[in-house]
1. Counting pairwise Cα distances across region 260-354, what percent come out greater than 24 angstrom?
2. Between region 203-261 and region 1-31, what's the alpha-carbon centroid distance in Å?
3. For the chain, what is the percent of antiparallel DSSP beta bridges, rounded to the nearest 5?
4. Looking at the calculated P(r) for region 215-383, what percent of the C-alpha pair distances fall above 24 Å?
5. Sorted by average packing, counted as other Cβ atoms within 10 angstrom per residue and highest first, what order do 115-128, 149-162, 363-376 take?
6. Let me have the 222 nm mean residue ellipticity of the chain computed from DSSP H runs of 4+ only, each contributing -39500 (n - 2.57), with the sum over all residues rounded to the nearest 500.
7. Could you compute how fast the chain diffuses translationally, taking Rh as the Kirkwood radius over C-alpha pairs and applying Stokes-Einstein at 37 °C with viscosity 0.692 mPa s? Give it in µm² per second.
8. Using 0.36 nm times the number of residues separating residue 212 and residue 110, minus their current alpha carbon distance, what extension gain do you get?
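Just so you know, all these numbers are worked out from the coordinates, no wet-lab data involved. Nothing here was measured: the structure is a model prediction, and the numbers come from that model. Every residue, glycine as well, gets a Cβ built from its backbone with ideal geometry; the counts of neighbours run over all protein chains shown.
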């Protein structure tokens, strides 16, 4: 986003610009973008806040607070912003915030539920950046990673005024997290009535938020590419919700049904969204992500059939899927064959949310590395024409 902004502004505007952007650390040196500083706020593949992110967020808050009424503040927001912009409420610690987020994620909290809690635990989310800004005008350019593009949910809405609602956040936490697993400082904060992060911005700043990319953008691009390859796109759907393994089963069955019908060319199903995973409570090893789980559910449905002429790929557009180094996974006849030869049954891995080892052994992991963007997940299924019997 920074490179695109610099190109759009041009040399004349860049001479009058300064900035700071928190980014993931992908292990490569950061290219100088003076006068915009790129700050490595967390390791790529670790979608949790880090102390480096807290330091970078303080710098951002200081900079926007130092603006004057004649200044224009441009804010770049993308998926992953919740972890890249950590500013814990002074009554809690960063570790408290990490712990409660982990607990909510494991309990299957939706992104809306997660971010409703994050907003109450942060000084920058829920409009905190907007409240801190003293520029005359603020323009936020946003790449959405949330179904429906709700501005208050994307990166927990740092530029969207949001009244404090600790009661609602506490209901989410108390419903999903066992009482003994809730950090005491989080409990006290959410049950208190005082608020640092409440109310609307009353300064004279003019603010606007603009979605410049989303899941529909990715689906549309995939459709165009599929058509250029000569595939028949039979369905293209963005912003699909659901539970990962259920979406995987549905896609697998849809592919099987299409394969039974005669066709002259390869058919293609394209869908996007961000399904959730219900994590099993177990001490059994668990490693994977929602895309790997979705593909594993499809593998379960295709295991007896063999998956001849079919392939399903599911991946995160940011190159990350859960706490793993994979972007997702794919399943086809070769993956099924490798599983059979190794005596690996998909259901044995699926029941423990342990998709990564299955695909690691069968060659089905999707490894892209960080992509530099995040518009949720993309799924592509191909069904090749089958020879007529006889």
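1. Details: 1125 of 4465 pairs.
For region 260-354, the fraction of Cα-Cα distances above 24 Å is 25 percent.
2. Between the Cα centres of region 203-261 and region 1-31 lies a distance of 29 Å.
3. Working: 22 of 49 bridges.
Taking every DSSP beta bridge within the chain, about 45 percent pair in antiparallel fashion.
4. Details: 4212 of 14196 pairs.
The answer is 30 percent, as a whole percent.
5. Details: 115-128: 26.1, 149-162: 23.5, 363-376: 18.9.
Ranking the peptides 115-128, 149-162, 363-376 by packing returns 115-128, 149-162, 363-376.
6. Numbers: 14 runs with 145 residues, N = 390.
Mean residue ellipticity, 222 nm, calculated: -11000 deg cm²/dmol.
7. Numbers: Rh = 22.3 Å.
For these conditions, the coefficient is 147 µm²/s.
8. On the way: separation 102, 0.36 × 102 = 36.72 nm, distance 2.33 nm.
In short, 34.4 nm is gained.
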